[in-house]
Amino acid sequence: MLLLHCPLLLLLLLLPLGSRPQKLPTRDEELFQMQIRDKAFFHDSSVIPDGAEISSYLFRDTPKRYFFVVEEDNTPLAVTVTPCDAPLEWKLSVQELPEEASGEGSGDPEPLEQQKQQITNEEGTELFSYKGNDVEYFVSSSSPSGLYQLNLLSTEKDTHFKVYATTTPESDQPYPELPYDPRIDVTSLGRTTVTLAWKPSPTASLLRQPIQYCIVINKEHNFKSLCAVEAKLSSDDAFMMAPKPGLDFSPFDFAHFGFPADNNSGKERGFLKSSKFGRQTSPKPRVDLHRVCIGNKNIFTVSDLKPDTQYYFDMFAVNTNTNTSTAYVGTFARTKEEAKQKTVELKDGKVTDVFIKRKGAKFLRFAPVSSHQKVTFSVHSCLDAVQIQVRRDGKLLLSQSVEGVRQFQLRGKAKAKYLIRLKGSKKGASMLKILATTRPNKQSFPSLPEDTRIKAFDKLRTCSSVTVAWLGTQERNKFCIYKREVDDSYNEEQKKREQNQCLGPDTRKKSEKVLCKYFHSQNIQKAVTTETIRGLQPGKSYLLDVYVIGHGGHSVKYQSKLVKTRKFC
């Protein structure tokens with residue numbers, strides 16, 4: 001019993017046979033293993049080797065025929081055909097081996113082509129046929145001897161396929177075995193994550209063969225074979241390395257699994273740019289599909305998915321020695337919807353406090369009740385800078401980064417509605433105050449100079465006093481200065497953590513207050529004020545704060561200043 005394992009054997013079959021039956025040589029295992037290692041040996045060959053998977057290519061509407069010989073009756077036989085990216089029509093048939101040459105007693109061999117035609121033109125007995133894109137099998141525990149023909153045809157498009165045939169199916173077991181329950185279970189579902197679990201392949205758990213699991217994620221459909229997946233991916237896409245222990249794969253760590261296409265979208269080449277027949281395949285659009293091999297784990301979390309999106313998940317057990325694979329029963333799941341943002345309504349002329357989580361966002365709505373020519377948005381960012389976007393009836397009017405106090409005046413429109421989007425800092429949580437008004441004279445926040453630092457004069461330091469200065473504006477405002485003694489270990493990092501500009505004088509102790517005064521200057525170049533703070537202790541450190549209080553009662557804190565009195569005078 002054998003399958004033909006080289007073209008030479010096929011030639012032996014086609015040569016005239018003697019008057020009595022001749023057995024074909026049995027499989028030379030050493031030669032066979034050498035040939036299997038040489039993958040090019042069977043390329044474009046019409047002979048199927050025994051016990052090795054071959055890959056080949058079909059042009060549309062161009063049939064392809066493969067041969068193999070089973071030498072003895074009652075031989076076990078298994079044939080597996082794996083379509084890749086298109087349905088196949090395939091048929092397996094057998095015909096008897098010729099026992100005598102047609103030139104009776106002449107001893108003259110018939111021409112080779114005539115012998116080939118004599119054998120292959122016979123229709124033979126059909127054993128099995130199939131049409132579709134499933135991985136399909138023909139298995140028989142007792143097959144007759146003869147010349148077997150496998151005919152394949154693709155009527156849809158040019159396509160890849162794989163074929164495996166063996167006369168020792170019990171011992172070969174080329175494909176990883178599936179567990180009794182081959183389904184993939186979705187064990188956890190979130191807005192951006194899906195956790196999958198599956199039962200291990202007995203090939204790994206019982207036979208101890210090297211099996212790894214490969215997951216395929218896409219938004220179109222499930223795949224029936226890894227071959228079909230490979231057909232969808234460009235040739236330069238490689239399997240990704242397994243994640244480090246303890247870390248699950250995030251398809252959107254490499255920027256596109258959620259999944260946006262790259263700049264080469266629509267330019268991906270076909271499987272063959274050209275062939276020896278001069279035929280070409282048309283370019284295929286790049287598909288949103290990703291795969292990753294994760295070793296022998298049987299639970300896995302896919303993260304960074306898009307909310308409210310349906311994904312298809314396929315799992316393949318791959319024998320790393322033979323590179324053969326078996327598909328689990330794929331599944332699909334829709335991620336949960338994004339949590340709906342609660343929109344805060346702004347009232348005309350009223351300050352609203354807003355808290356935003358790190359990297360978070362908040363939406364606010366302003367709908368003036370009366371017609372207006374202008375609308376003013378005043379924003380006071382208490383900590384780090386925040387991003388503000390303002391849309392009027394869907395049209396983007398403003399997109400700015402705000403640090404400290406900023407005021408924006410926009411052209412109004414009758415019955416207009418404004419949507420404000422505030423995006424927080426990447427460093428940490430954000431706090432801010434915002435005011436929207438259609439009355440241009442309604443200003444709750446005090447105006448600020450561009451520079452809100454407090455300057456200390458080192459030459460004017462004494463053992464009991466320090467002299468400082470700060471800038472004002474042309475608008476008359478109330479300024480209050482506060483002091484607090486701090487340890488010598490107090491540093492700039494601690495000061496930075498206390499830079500919440502929205503905390504007003506009402507949060508300070510009365511004993512820390514130095515004085516309050518009104519100040520302004522019509523000449524902006526001269527809008528500077530100085531103050532000497534007395535009654536301090538020698539060699540001590542103090543944190544100084546200046547608050548400017550607007551007409552609406554809202555205050556803004558200047559940048560804190562750390563000063564130290566002289567120890568010896």
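The values are calculated or read from the model by the stated rules, or taken from the named source; none is laboratory data. Everything numeric here is computed off the predicted structure, so don't read it as measured data. We place every Cβ from the backbone using ideal geometry, glycine too, and count neighbours over all the protein chains shown. Protein only, heavy atoms only, side chains kept; ligands, DNA and RNA dropped before computing areas. Shrake-Rupley method; radii C 1.70, N 1.55, O 1.52, S 1.80 Å.
Worth pointing out:
- In this simple spin-label approximation, residue 401 and residue 55 carry label points 7 Å from Cα along the Cα→Cβ vector, and these lie 4.8 nm apart.
- Heavy-atom surface of the stretch 344-437, accessible at 1.4 Å and reported per residue (Å²): 54 Å²
- If R0 is taken as 56 Å, the Cβ-Cβ distance between residue 463 and residue 207 corresponds to a FRET efficiency of 0.05.
- Computed with a 1.4 Å probe on the full set of protein chains, the accessible area for residue 91 sits at about 70 Å².
- Residues in the stretch 121-150 that a label on residue 89 would reach, taking backbone N under 13 Å of a point 7 Å out along Cα→Cβ: 129-132
- Mean separation of Cα contacts under 8 Å (6+ apart) over length of the stretch 456-569, as relative contact order %: 42 percent
- Theoretical gain in end-to-end length, residue 193 to residue 508 [0.36 nm per residue, Cα-Cα removed]: 108.8 nm
- Between residue 491 and residue 447, the C-beta separation translates, for a Förster distance of 51 Å, into a calculated FRET efficiency of about 0.95.
- Formal net charge of residues neighbouring residue 133 (Cβ-Cβ distance under 10 Å; K, R +1; D, E -1): -2
- Per the Debye formula on identical point scatterers at the alpha carbon atoms of the stretch 453-558, with no solvent, log10 I(q)/I(0) at q = 0.11, 0.24 Å⁻¹ is -0.36, -1.50.
- Every pair of different Cα atoms in the stretch 344-437 enters the Kirkwood calculation, which places the hydrodynamic radius at 13.2 Å.
- For a paramagnetic label modelled on residue 186 (point 7 Å from Cα along Cα→Cβ), amide N atoms under 16 Å away belong, within the stretch 294-330, to 300-315, 329-330.
- Under 12 Å, Cβ to Cβ, from residue 505 - net charge with Lys/Arg +1 and Asp/Glu -1: +3
- A convex hull fitted around the alpha carbon atoms of the stretch 516-569 yields 117 Å³ per residue.
- Surface composition of the stretch 454-564: carbon and sulfur atoms hold 46% of the protein heavy-atom accessible area at a 1.4 Å probe.
- A Förster radius of 22 Å, combined with the Cβ-Cβ distance separating residue 221 from residue 341, puts the computed FRET efficiency at roughly 0.10.
- Cα-projected label distance for residue 532 with residue 363, points at 7 Å along beta-carbon direction, nm: 5.9 nm
- The stretch 397-471-the stretch 307-378 distance, computed between alpha-carbon centres (Å): 29 Å
- Gain upon complete extension [residue 157, residue 129; 0.36 nm per residue less C-alpha separation]: 8.1 nm
- Label-point gap, in nm, between residue 141 and residue 413 - each point 7 angstrom along Cα→Cβ: 7.9 nm
- Per residue, the stretch 458-569 exposes 58 Å² of solvent-accessible protein surface, assessed with a 1.4 angstrom probe and all protein chains in place.
- In the structure shown, the pairs 395/426; 395/557; 459/526; 131/219; 359/540 are assessed against 28 Å; a Cα-Cα span above that value is assigned to 395/557; 359/540.
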